[in-house]
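Below is one structure, written out as structure tokens; the observations come after it.
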């Protein structure tokens, strides 16, 4: 299974803002963006030409890194979104938001998408009573998400819930029983991703 194993703080520095890829660490002074606010590399502090293509590319890279998706898979989401009725950019974000690893983060059951991905791959979560070990699994309205009974990961999940802010209105969570339900598909105003999806659509439309 392909995955990005590179330094996560370097990815945030490249995009020039916090993508909250490391959970609690991103909220402390140890955050890479806080310590070094310039891009990584030998020429990180130099001036870069802000061309239209570069702005669009950086927006796509930011979205891809925020959700922890590799290039080929991200392009697949775009193709799928473009074939659905409605606005392509909003369809794209909805598909990314409905990934199971992202949903665990939104519910507060994982401190980061990488942690959520690991919990899923190790078989600690079920959807509608069936074990799911695919992080990219697309949840649907009405799906019930629950932690597997007597799993050793319960303590880790409960620690993650302590960092939880507000849960999106399209999800419903019970932090006592560690269960949740998908009420509906997310709307654009409910997606907290720091992404301008129209720039991604313009990039792929060339």
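None of the figures in this text is laboratory data; all of them are computed from the coordinates on show. These numbers come from a predicted model, not from an experiment. Here the Cβ is made from the backbone with ideal geometry for all residues, glycine too, and neighbour counts use every protein chain on show.
A few points about this structure:
- A crude spin-label estimate for the pair residue 148 and residue 188, with each label 7 Å from Cα along the Cβ direction, gives 4.0 nm.
- The range 135-206: radius of gyration and largest Cα-Cα distance (Dmax), Å: 15.9, 51
- Mean projection area, nm², convex hull over Cα of the range 100-184: 4.7
- Cα-projected label distance for residue 155 with residue 206, points at 7 Å along beta-carbon direction, nm: 5.1
- The peptide list 60-73, 88-101, put in order of mean Cβ contacts within 10 Å with the highest first, becomes 88-101, 60-73.
- Each residue of the range 63-126 gets 92 Å³ once the volume of the Cα convex hull is shared out per residue.
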